[in-house]
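Only one structure is covered here, and it is reproduced in the block below.
The values are calculated or read from the model by the stated rules, or taken from the named source; none is laboratory data. Since the structure is predicted, the reported quantities are computational estimates derived from the model, not experimental observations. Backbone-built Cβ (ideal geometry, glycine too); neighbour counts: all protein chains shown. The accessibility values were calculated without ligands, DNA or RNA, using every heavy atom of the protein model including side chains. Shrake-Rupley method; radii C 1.70, N 1.55, O 1.52, S 1.80 Å.
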Amino acid sequence: MRLDGWWAEGHYVWRTGSGPLVGGAHRLVDAAGALRPPVTVSRDASGALPLAYAGHPDGLTYLLPFLEERRAGPAAAHRTERTTAGTTVGTAAGTTGRTTGRTAGRTTWRQIAADAAAPDADLIAVGCSHRRALSLPTDRALLLPFRLSLVVPVHDGPEAVRRRVSRKDRQQYARERERRAWNVVPGTADADFAYFYRRMHLPTMASRHGESARSESPSVAYHCLFRHGALLFLTEAGRRVAGMLCRYEPATRTLVIRLAGVLDGAEGHYRSPTYLGLYVGVLEWAARQGLSAVNLSGCEPFLSKGIFQYKRKLHPRVTLPADHFGGKRLWLRARHDTPALRDFLVDNPAITLDEGGRLHATYFHDADRPARTGLRWRTPGLAGQRLVDLDAFLTGAPADLPARV
């Protein structure tokens, strides 16, 4: 392996490795960085909902962009608000929106606990260790996993894989597979990798995420995924229209989906059943290879995360990640009671932890904002749902919240 290959593999293992050496090294680095935790405040054009993130720096890559993206949500367009006279009036959509600026600095854990870190933020999210999260206040706060993994068992074979999919999607898959002559074909040549990365993955990321797109570098994708995994194309009548690049983890006989894309990032492929065909086809392929599971990769712990709702169709088991993220927690605290904050909490039901380490879907609501239960939670690994009244939560009164781990 060339020097760039060694560097790529080391970089990848550091970010995603799950062994005790990697985990121990992360704990040491995290402890040193936590002495003066960084804090970032994000503001939008209206100033209606300033957000803050503090703690583990990976939150700036994963979590804060998600919170910013969700800052303008559907509840703001549809909710009603009671005036002091008791009448009901509508509120306009778009009270919050595009991020216009961030400011960064340093804080202390004492300031975080006392609401003195970024005091003008209405909502603060803190990424930290499990132990640190337990030391922070519990009023007006939620305890979440830092990230989630979505894992589909495939050891029972392709038929069992198809039975995991909802009947409606299963019927659509069978119909489209025959009509489009779908097939999953491995790509093993360097030219296959280049075609996938340049013609499928990069255009899809640019189309879907624009400037906020994040991915693996070509070197990491080649040396750490292609050389240690499987590149799988979905073909329609022999033409490659989509693909996934996966890492194979031999210790657990698991295929981990890392990169995906459709040909030229075309909206038609992305919006059509092609993506469903790609996912189900890859699961069936892994089952035929005798693998135990397919890890659909991670996501933020919110039901409003689009990729969570999409992958939920495959009924994955929701778990804590096997890598260093599995020991990290997210402490989310409401600072000020404002209409925009209430909208945000209702729009984005969280996946929270209870005292036994079980995961729950937690929905907020109040008299004018019904719980957003249309964002469904039922999938293996989630123990149930909790409904939380915002009036009680925001005044610090006891609420029906999952107990702390």
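Taking 1 over the mean of 1/r across every pair of different Cα atoms in the chain, what Kirkwood radius in Å do you get? Please report the intermediate quantities before stating the final value.
Working: mean 1/r = 0.0442 Å⁻¹.
Final number for the Kirkwood radius of the chain is 22.6 Å.
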- The extension gain from His336 to Arg36, computed as 0.36 nm times the residue separation minus the Cα-Cα distance, is 105.5 nm
- Among Gly157, Gly326, Gly268, which one shows the biggest mean-square fluctuation in a GNM of the chain, springs joining Cα atoms closer than 10 Å? Gly268
- Task: Tabulate in residue order the Karplus-calculated ³J(HN,Hα) for the stretch 363-371, using 6.51 cos²θ - 1.76 cosθ + 1.60 with θ = phi - 60°, rounded to whole Hz; enter x for Gly and Pro.
- Result: 9, 9, 7, 8, 4, 10, 10, x, 4
- Query: How much length, in nm to one decimal, is gained on full extension between Tyr310 and Arg198, taken as 0.36 nm per residue of separation minus their Cα-Cα distance?
  - Reply: 37.9 nm
- Query: lysines near Lys168 by alpha-carbon distance under 18 Å, same-chain residues fewer than 8 away left out - which ones?
  - Reply: Lys311, Lys313
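R0 = 22 Å: FRET efficiency of Ala367 with Asp115, Cβ-based, nearest 0.05? Let's see the in-between values first.
Numbers: r = 26 Å, r/R0 = 1.20.
Using R0 = 22 Å, I get an efficiency of 0.25.
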- Estimated inter-spin distance, Arg106 and Val185, nm [label 7 Å along Cα→Cβ]: 5.7
- Across the stretch 298-313, in residue order, what do the Karplus-derived ³J(HN,Hα) couplings come to in whole Hz, using 6.51 cos²θ - 1.76 cosθ + 1.60 with θ = phi - 60° and x for Gly and Pro? x, 7, 6, x, 9, 5, 7, 5, x, 5, 5, 5, 5, 6, 4, 4
- Expected unfolding gain across Glu159-Glu178 under the 0.36 nm per residue rule, minus the alpha-carbon gap, is 5.2 nm
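Using the Cβ atoms and a cut-off under 12 Å, what net charge is assigned to the surroundings of Glu159, where Lys and Arg are +1 and Asp and Glu are -1? Provide the component values of the computation, followed by the final result.
Values: positive: Arg162, Arg163, Arg164, Arg170, Arg288; negative: Asp156, Glu284.
It works out to a net charge of +3.
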- Message: Once the convex hull of the alpha carbons of the stretch 104-200 is built, what does its volume come to per residue, in cubic angstrom?
- Response: 283
- Item | Residues whose placed amide H lies under 5 Å from that of Thr107, excluding near-sequence neighbours | Val39
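Working with all protein chains in place, sort Trp109, Trp331 by solvent-accessible area computed with a 1.4 Å probe, largest first.
Working: Trp109 35, Trp331 0 Å².
Listed by decreasing accessible area, they come as Trp109, Trp331.
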- Compute the relative contact order of the chain as a whole-number percentage, counting only Cα pairs closer than 8 Å that sit 6 or more residues apart in sequence. 21
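What's the local net charge at Thr40, with K and R +1, D and E -1, over the other residues with C-beta under 12 Å away? Please list the in-between numbers first.
Details: positive: Arg43, Arg102, Arg106; negative: Glu68.
Cβ neighbours under 12 Å give a net charge of +2.
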- Query: Projected area of the stretch 315-405, taken from the Cα convex hull and averaged over every viewing direction, in nm²?
  - Reply: 6.4
